[in-house]
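K.L.:
Just dropping this structure here.
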Amino acid sequence: MDYALVGSFPKASLGSCVWRRDNLNKNCFSGSYVAVRVSRCKAWDVLERYCGAGSQQHLLKRHTIGTKEKTTFYRRHDKKFLVNATAGHPLESEPDAYNPKSIWNSIKNGVDAFYRFSRPHTVIGTALSIMSVSLLAVENLSDFSPLFFTGVLEAVVAALFMNIYIVGLNQLSDIDIDKVNKPYLPLASGEYSIGYGIMIVTSFLIMSFWLGWVVGSWPLFWALFISFVLGTAYSINLPLLRWKKSALVAAMCILAVRAVIVQLAFFLHMQVHVYKRPAAFSRPLIFATAFMSFFSVVIALFKDIPDIDGDKIFGIRSFTVRMGQKRVFWICISLLEMAYGVAVLVGASSGFMLSKCITVLGHAILASVLWNRAKSVDLNSKAAITSFYMFIWKLFYAEYLLIPLVR
């Protein structure tokens, strides 16, 4: 321990021996603790002779020679003094060993950084979609048993772990792009190192597959595996991969996960694994898959609208880069309005009056809100476009509240 301390001392303080001596002499004769400070001054005189020698090895050798009492004195008294001097703290004071406010701020900042790293709008979307699709497997009230809630919890947790892996890998692959498009993300801002980011995504990937394997549900495991393959191929910069460079392939990846895998795999997880029933593709499931296909395409197209600057710089040929922000924006609005129109017709054909009223009215309201909000967006403002993109995700959440009511 003493060797480590001495070894670090020259780098931090040998170059300022004279200053620290003068500073110490000023402190030695002020205040009421003269005796203690005089002893520190004497200790410094000894150290100054070592500094003048200019040799760390000589310092170590001279330090180890002496009586047991001197060694004990050095360790108990001057070791603390040297640490303060090396760290640049005032020699007569020590930093607080425990600061509850500082610890609380560190925890709060850590949680905030991870919150941004996890891309919360995708986390909420994943959790809501799985819970909504799971409800499609419920046939009567007796199905709401502990078995149902356990099955939903297993699926949600495993999928969220995989979700964090996918969004984390995307950030690791896009650090330079995110410095332009999303400088608030932890990797782009420097809050997270690359090594720390790799550790997070690797840990969550392992936990996701481990949980999927322990649960023993093949629909769940295959959902995780396909999401892993597509999410990795979408982001990672390797030959024949990084599919996000191709606008069409990127859109197909998002559509496959959000529209197909989520709907079918998690429904089958509940239907086959939890309830032990034969696989069946009901009318609400087909509607959910078709509607979310439209929505997934919109998300895939719209997410690139606010990112056009960084994509241009780094050669990402998105539809927005090719066709312009305004054109892609109104294509997205048109696709969503078409989807809401189909949803109104599906709701109107329902044989259940409650389902008919809620689904028709709900989708009509969402379509109207979307149109009115779209007309007021300033397409020259990145902040306005980003805000509207978050609004699209809110519509995505709202749809998963309506899907279980389609009967």
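The values are calculated or read from the model by the stated rules, or taken from the named source; none is laboratory data. Model, not experiment: these values are computed from the prediction. Cβ atoms come from the backbone with ideal geometry, glycine included; neighbour counts cover every protein chain shown.
K.L.:
Would you check if there is a residue in segment 188-210 being touching an Asp or Glu at 6+ places or on another chain (Cβ under 8 Å) and touching a residue at least 40 places away in the same chain (Cβ under 8 Å)?
P.N.:
Looking through segment 188-210, none of the residues is touching an Asp or Glu at 6+ places or on another chain (Cβ under 8 Å) and touching a residue at least 40 places away in the same chain (Cβ under 8 Å).
K.L.:
OK, next. For segment 293-301, indicate whether the set of residues that are at pLDDT 90 or above and more than 31 Å from the chain's Cα centre (by Cα) is non-empty.
P.N.:
Looking for residues that are at pLDDT 90 or above and more than 31 Å from the chain's Cα centre (by Cα), one finds none in segment 293-301, hence no.
K.L.:
Here's something else I'd like to know. Could you pull out the residue among F294, F267, F225 that is aromatic (F, W, Y), under 30 Å from K382 (Cβ atoms) and either in the same structural domain as L136 (by TED's automatic domain parsing) or touching a residue at least 40 places away in the same chain (Cβ under 8 Å) (or both)?
P.N.:
F294
K.L.:
Here is a list of conditions, (1) in a helix (DSSP H, G or I); (2) among the hydrophobic types (A, V, I, L, M, F, W, C); (3) buried (at least 19 other Cβ atoms within 10 Å of the Cβ), and V260 meets all of them except one; can you say which number that is?
P.N.:
(3)
K.L.:
Here is a further query. Name the residues in segment 111-159 that are small (G, A, S), in contact (Cβ under 8 Å) with a residue 12 or more places away in the chain and in a helix (DSSP H, G or I), would you?
P.N.:
A113, G125, A127, S129, S132, S134, G151, A155, A158, A159
K.L.:
Given the conditions (1) closer than 22 Å to G125 by Cα; (2) in contact with a Cys (Cβ under 8 Å, 6 or more places away or on another chain), which single one is not true for A250?
P.N.:
Every listed condition holds for A250 apart from (2).
K.L.:
Here is a further query. Of the numbered conditions (1) exposed (fewer than 14 other Cβ atoms within 10 Å of the Cβ); (2) part of a loop (DSSP other than H, G, I, E, B); (3) of a type outside the set (V, I, T), L401 satisfies every one except a single condition; which is it?
P.N.:
Just one mismatch for L401, condition (2).
K.L.:
Take the conditions assigned by TED's automatic domain parsing to the domain that holds V272 and in contact with a Gly (Cβ under 7 Å, 6 or more places away or on another chain) and apply them to G216. Does it pass?
P.N.:
Criteria not met by G216.
K.L.:
Of the residues L395, L361, L345, L370, which single one is within 30 Å of V138 (Cα to Cα), in a helix (DSSP H, G or I) and in contact (Cβ under 8 Å) with a residue 24 or more places away in the chain?
P.N.:
On the way: L361 fails: in contact (Cβ under 8 Å) with a residue 24 or more places away in the chain; L345 fails: in contact (Cβ under 8 Å) with a residue 24 or more places away in the chain; L370 fails: within 30 Å of V138 (Cα to Cα).
Unique residue meeting the criteria: L395.
K.L.:
If a residue must be buried (at least 22 other Cβ atoms within 10 Å of the Cβ) and β-branched (V, I, T), how many such residues does segment 127-166 contain?
P.N.:
Residues flagged as buried (at least 22 other Cβ atoms within 10 Å of the Cβ) and β-branched (V, I, T) within segment 127-166 amount to 4.
K.L.:
Given the conditions (1) under 24 Å from the mean Cα position of the chain (by Cα); (2) over 18 Å from H121 (Cα atoms); (3) among the charged types (D, E, K, R); (4) buried (at least 18 other Cβ atoms within 10 Å of the Cβ), and given that D304 satisfies all but one, which numbered condition is not satisfied?
P.N.:
(2)
K.L.:
Follow-up question, since we're still on this one. Every residue in segment 263-280 that is modelled with pLDDT of 90 or more and either among the aliphatic types (A, V, I, L, M) or surrounded by fewer than 15 Cβ atoms within 10 Å (Cβ to Cβ) (or both), please.
P.N.:
Taking segment 263-280 and keeping what is modelled with pLDDT of 90 or more, we get 263-278.
Correct list: L264, A265, L268, M270, V272, V274, K276, R277, P278.
K.L.:
Further question on the same structure: Read through the list (1) buried (at least 18 other Cβ atoms within 10 Å of the Cβ); (2) farther than 14 Å from L301 by Cβ; (3) modelled with pLDDT under 90, then give the number of the only condition that V321 fails.
P.N.:
In the conditions (1) buried (at least 18 other Cβ atoms within 10 Å of the Cβ); (2) farther than 14 Å from L301 by Cβ; (3) modelled with pLDDT under 90, V321 misses (2) alone.
K.L.:
Let me ask something additional. In segment 330-342, how many residues are touching a Leu at 6+ places or on another chain (Cβ under 9 Å) and touching a residue at least 40 places away in the same chain (Cβ under 8 Å)?
P.N.:
Total meeting the criteria: 4.
K.L.:
Further question on the same structure: Among the numbered criteria (1) part of a helix (DSSP H, G or I); (2) surrounded by 14 or more Cβ atoms within 10 Å (Cβ to Cβ), which single criterion is violated by L379?
P.N.:
Result: L379 fails condition (1) only.
Results for (1) at pLDDT below 95; (2) farther than 23 Å from R283 by Cβ; (3) under 22 Å from the mean Cα position of the chain (by Cα), shown as yes or no for each residue.
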{"residue": "S355", "(1), (2), (3)": "yes, no, no"}
{"residue": "S368", "(1), (2), (3)": "no, yes, no"}
{"residue": "V377", "(1), (2), (3)": "yes, yes, no"}
{"residue": "A383", "(1), (2), (3)": "yes, yes, yes"}
{"residue": "S387", "(1), (2), (3)": "yes, yes, yes"}
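K.L.:
Here's something else I'd like to know. Among the residues of segment 284-337, how many are of a type in the set (G, A, S), in contact with an Asp or Glu (Cβ under 8 Å, 6 or more places away or on another chain) and not in a helix (DSSP H, G or I)?
P.N.:
Restricting attention to segment 284-337, the residues satisfying the condition of being of a type in the set (G, A, S) are 288, 290, 293, 296, 300, 310, 315, 318, 324, 334.
Add one more test, that the residue is in contact with an Asp or Glu (Cβ under 8 Å, 6 or more places away or on another chain), and what stays is 310, 318.
Remaining after also requiring not in a helix (DSSP H, G or I): 318.
Total meeting the criteria: 1.
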